[in-house]
Amino acid sequence: MKKIHIHLLSIIFATTGLVSQPVLAADVAAGKVGSATCAACHGNNGISMIPMYPNLAGQKEQYLVLQIKAFRDGERKNMVMSAMASGLSDTDIINLSAYYASLDPAGK
């Protein structure tokens with residue numbers, strides 16, 4: 001009986017990733033427009049010229065969504081990023097993430 005429960009839980013957790021995908025379709029063009037503020041630290045092409053700020057170009061879209069939401073929702077704390085993310089809607093975050101994920105990580 002225990003094996004069945006463990007197996008069922010494994011199936012549920014394995015398929016959760018399929019269900020948890022964003023319902024909203026990303027708008028890369030809107031993400032590019034929204035990224036104007038981000039460019040000051042993360043660069044116009046998602047490649048930061050400031051060593052302490054990460055490059056965003058080519059990052060995985062879901063990773064960016066999770067991190068930006070964590071800043072916005074106070075789960076992850078940073079004075080700059082928490083303030084920058086505080087006014088973003090879920091749609092804004094999805095669009096920004098899609099835009100940065102679409103960029104060449106080499107900056108070309």
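Laboratory data are not the source of any read-out in this text; all were calculated from the coordinates shown. As the structure is a computational prediction, the values presented were derived from the model and not from experiment. Here the Cβ is made from the backbone with ideal geometry for all residues, glycine too, and neighbour counts use every protein chain on show.
Worth pointing out:
- Residues Met81, Met49, arranged from fewest to most other Cβ atoms within 10 angstrom of their Cβ, appear as Met49, Met81.
- Cβ-placed point charges (K, R +1; D, E -1), dipole of region 25-94 about Cα centre in debye, nearest 20: 180 debye
- Per residue, the convex hull volume that the Cα atoms of region 23-102 enclose (Å³): 84 Å³
- Region 61-99 and region 43-58 have Cα centres separated by 16 Å.
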